[in-house]
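Heads up: the structure comes next, in C-alpha cells.
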Amino acid sequence: MGKLYSAYYWGFFIAVAGALLFTSCNKFEGPQTVPAYLSIDSLILNTNYSTQGSAAHEVVDVWIYVDDQQIGVFELPAEFPVLVEGKHKLEIRMGIKLNGISSTRVPYPFYQPLIYEDFEFFPDSVRRLGNIETTYTSNIVFAWLEDFELYNSISIKETTISDTTIKQISLEPTPEYRNYAGVINLTDEKPYYSGYTFSSFDLPKQGAYILLEVSFKTNNFLTIGLIPRGYDKQPLVILNQSDEWNKIYINLGPKVTEYYNAPEFLVYFETGKQSDVTKADIQLDNFKLIYRPN
C-alpha cells in the first residue's frame, strides 16, 4: 500500500483528531478491576449503488464510547478491554485516515454509527461482534459519482495541454469494484495528464463537512485538487504508488471555506510521468463528492 502525502495538513475534526488514539480504556467510576472485552473483526459498508455508489471503504479503526464517554480508538481487527459490567450504552464510530495521513485519524462523519442502548458487558469475557455493518447517513448529498461503468460517458475531461486522456478499462468484478475503472497511461512520448470534472459544484461554506472519496491503484504520483471558479487551481493531496486498490478520503471543507467568494468549484487531476517509471498506469474508481448541507 503506497504512502499518501497531503498538500496541507489542517482540516475539519482537528479537535477530534487530537484525542488520544490507540489507548486502552479509561477507568469508569467504581471499584471494578476485571474488564469485559469486545472483539470486532472488520466493517461491511452497505450502499444503494444507484444513488450512493460502491461499497468500497478504507475504515481502519473504531472509536468506542460507553455511556457517551470515549474509552479509546482501536485499529481493526480489534480486541480490547472495557472496565464496565452489566448493561450500558455502547456506540461504535468508524475511523478513517483523513487525507490519507496516519496522524489525522478521525471518525468518518457520513457513516452511520452503531448504537446499542442496552449492551451487556460480562467481566473477564469476550463479546465477539465479528464483522459489523453500517450505511451512509441519510442527511447527506452525493454531488458527484463516477464509477466508469457507462461506456463513453466519463464525467472528467482533459485540458488543452494534456497529452493523453482518461479511459475505461475492464476489472475483475468484486462487491467493491464492479466491471470497469478509469486509467491514465503516461509514456515518454505522452508524459503529461491534466483534467477536471465536466460539472462544477456549488458547495456549502463555513466549515461544512465536504469529502471527496477516491479509489486508486497506481505506479505514478497523481495530484488532486480544486479549482474555485475565478481563481487558480488549489492542490489538496498527492497520491503516491499503491500496488493494491486503496481508498482516500480528501477533506475539501477548509479550502472551500477559504474561497468563500467562489460560486462553484471543479475537481482537477494532474500528473507527469516519473523518470523511474517506464509506463505510468494510474487506475481510478469510485469517485464520490459528498457533503452535509448547512
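Observations
- The requirement of being closer than 17 Å to residue 133 by Cβ, in contact (Cβ under 8 Å) with a residue 24 or more places away in the chain and aromatic (Phe, Trp, Tyr) is fulfilled somewhere in the range 58-74, by at least one residue.
- Matching residues in the range 128-169 - criterion: being among the hydroxyl-bearing types (Ser, Thr, Tyr), farther than 30 Å from residue 78 by Cα and touching a residue at least 40 places away in the same chain (Cβ under 8 Å): 155
- Scanning the range 183-204 turns up one or more residues that are in contact with a Pro (Cβ under 8 Å, 6 or more places away or on another chain) and either among the small types (Gly, Ala, Ser) or not in a strand (DSSP E or B) (or both).
- Residue 281 surrounded by fewer than 16 Cβ atoms within 10 Å (Cβ to Cβ), out of contact with any helix residue (DSSP H, G or I) (no Cβ under 6 Å at 6 or more places or on another chain), at pLDDT 95 or above and outside the structural domain of residue 99 (by TED's automatic domain parsing): yes
- Test: residue in the range 75-87 that is modelled with pLDDT of 95 or more, in a helix (DSSP H, G or I), within 30 Å of residue 237 (Cα to Cα) and within 19 Å of the chain's Cα centre (by Cα): no
- Taken over the range 115-152, the criterion of being aliphatic (A, V, I, L, M), surrounded by 12 or more Cβ atoms within 10 Å (Cβ to Cβ) and within 25 Å of residue 177 (Cα to Cα) is satisfied by 132, 140, 141, 143, 145.
- Number of residues in the range 191-207 that are among the small types (Gly, Ala, Ser) and either touching a strand residue (DSSP E or B) at 6+ places or on another chain (Cβ under 6 Å) or assigned by TED's automatic domain parsing to the domain that holds residue 111 (or both): the value is 3.
- The set of residues from the range 43-55 being in contact with an Asp or Glu (Cβ under 7 Å, 6 or more places away or on another chain) and within 18 Å of residue 150 (Cβ to Cβ) comprises 53, 54.
- Test result for residue 208, over 20 Å from residue 56 (Cβ atoms), of a type in the set (A, V, I, L, M) and surrounded by 21 or more Cβ atoms within 10 Å (Cβ to Cβ): no
Listed here are the residues, each with its yes/no results for (1) of a type in the set (Val, Ile, Thr); (2) touching a helix residue (DSSP H, G or I) at 6+ places or on another chain (Cβ under 7 Å); (3) in the same structural domain as residue 251 (by TED's automatic domain parsing).
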{"site": "101", "(1), (2), (3)": "yes, no, no"}
{"site": "110", "(1), (2), (3)": "no, no, no"}
{"site": "114", "(1), (2), (3)": "no, no, no"}
{"site": "117", "(1), (2), (3)": "no, no, no"}
{"site": "127", "(1), (2), (3)": "no, no, no"}
{"site": "145", "(1), (2), (3)": "no, no, yes"}
{"site": "149", "(1), (2), (3)": "no, no, yes"}
{"site": "158", "(1), (2), (3)": "no, no, yes"}
{"site": "169", "(1), (2), (3)": "yes, no, yes"}
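- For the range 57-81, the tally of residues that are in contact with a Leu (Cβ under 8 Å, 6 or more places away or on another chain) and within 18 Å of residue 286 (Cα to Cα) stands at 2.
- Within the range 96-122, tally of residues that are of a type outside the set (A, V, I, L, M, F, W, C) and either within 20 Å of residue 52 (Cα to Cα) or modelled with pLDDT of 95 or more (or both): 11
The values are calculated or read from the model by the stated rules, or taken from the named source; none is laboratory data. These figures come from a predicted structure and were not determined experimentally. Ideal geometry is used to build each Cβ from the backbone, glycine not excepted, and the neighbour counts take in all protein chains shown.
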